[in-house]
1. Only one of (1) over 26 Å from residue 169 (Cβ atoms); (2) surrounded by 13 or more Cβ atoms within 10 Å (Cβ to Cβ) fails for residue 268. Which number is that?
2. Can you give me the number of residues within the range 217-258 that are of a type outside the set (S, T, N, Q) and in a strand (DSSP E or B)?
3. In the range 152-185, which residues are within 16 Å of the chain's Cα centre (by Cα) and more than 20 Å from residue 225 (Cα to Cα)?
4. Within the group 157, 137, 209, which residue is touching a strand residue (DSSP E or B) at 6+ places or on another chain (Cβ under 9 Å) and crowded, with 17+ Cβ neighbours inside 10 Å?
5. Output yes when any residue across the range 43-54 is surrounded by fewer than 17 Cβ atoms within 10 Å (Cβ to Cβ) and hydrophobic (A, V, I, L, M, F, W, C), and no when none is.
6. Could you please find all residues in the range 221-240 being among the aliphatic types (A, V, I, L, M) and crowded, with 24+ Cβ neighbours inside 10 Å?
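The values are calculated or read from the model by the stated rules, or taken from the named source; none is laboratory data. As the structure is a prediction and not an experimental result, all values here were calculated from the model. Note: ideal-geometry Cβ built from the backbone for every residue, glycine included; neighbour counts use all protein chains shown.
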Amino acid sequence: MATVLITGGTGMIGKHLTELLVLKGFDIIIVSRKKVMARRHASISYALWDVAKQTIDKSAIENADYIIHLAGANVTEKRWSTTRKKEIVDSRTQSSQLLVTALSTIPNKVKAVVSASAIGWYGPDTKESLQKGFNEELPADNAYLGETCRLWEESIEPVTSLGIRLVKLRIGIVLSKEGGALPEFIKPLKWGIAAILGQGSQVISWIHEEDLCRMFAFAVENERLNGVYNAVSSCPVTNKVLTLCLARLMKKSSFIPIHVPEFMLKLILGEMSIEVLKSATVNNYKIKNTGFEFKFSDIEIALQEEILKIVD
């Protein structure tokens, strides 16, 4: 069976994607900065890389048929200082540069690279986007996340000059009990508070983690996929709708909706508050036209599925 090399394979999405690909019969190579002694499965192996030193296990590249590139520092983990913002960009561009160099200098049989990107590419909603949604043809926003995504996508683009098919998935807000935005929405509910951010009217373009992993696998398996695709569900919702839906599912009626003022979010989050309060309606027409079918398009069903995992 074919072998998939995964960067960022120990992260939230990487772990679930690895499990899915193993079930599909793929062999997996996870590249890591640290040596991993125990193997989770007979089909999973590990290889070393060092992005700072621009080194990677030669055999990992030689044995790979496909590469899924997920590596990158967590955007929301820390406050956006000048240093942190540079780390976020460098973790993405330098890891891409390492892969490009490796693929151009090490003999290999890689057929396709599927790289993560993000809907941070797009700016705040316009009248047109609220009706039609942002599409993949639009230029990157000039703000920090837009520029980060532009540099991120440009850094992996040179693999196409090597004759390798490249797919870039611009990922929306991922719903997963294990990380990302959902646990942050859940925290206030432990005290019975449904914390609506600002006015709550900002649109959230989301995707369930299972659909996202299925989309990465779909991109690997389907040669006709090429270029950029938005990885978001068919039904974006406002922050208020998502928050109250989650509150009803977890607390029935025993919760108090509270709007967190914008000035408070700015004090707590700094520049990151701009993105938390930004409305971005993103469409998924292009990926749906390839034949990909979403399992989760209803926010209540998607949230219910994740909450059941938490309860279990």
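1. (2)
2. Final tally of qualifying residues: 8.
3. Listed by number, the residues that qualify are 173, 174, 175, 176, 177, 178, 179, 180, 181, 182, 183.
4. On the way: 157 fails: crowded, with 17+ Cβ neighbours inside 10 Å; 137 fails: crowded, with 17+ Cβ neighbours inside 10 Å.
Only one candidate qualifies: 209.
5. yes
6. Listed by number, the residues that qualify are 231, 232.
A quick yes/no check of all residues on (1) modelled with pLDDT under 95; (2) among the hydroxyl-bearing types (Ser, Thr, Tyr); (3) farther than 27 Å from residue 145 by Cα:
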| site | (1), (2), (3) |
| --- | --- |
| 222 | no, no, yes |
| 237 | no, no, no |
| 253 | yes, yes, yes |
| 279 | no, yes, no |
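Here's the yes/no breakdown for (1) aliphatic (A, V, I, L, M); (2) over 19 Å from the mean Cα position of the chain (by Cα):
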site: 77; (1), (2): no, no
site: 81; (1), (2): no, yes
site: 91; (1), (2): no, no
site: 100; (1), (2): yes, yes
site: 107; (1), (2): no, yes
site: 125; (1), (2): no, yes
site: 132; (1), (2): no, yes
site: 147; (1), (2): no, no
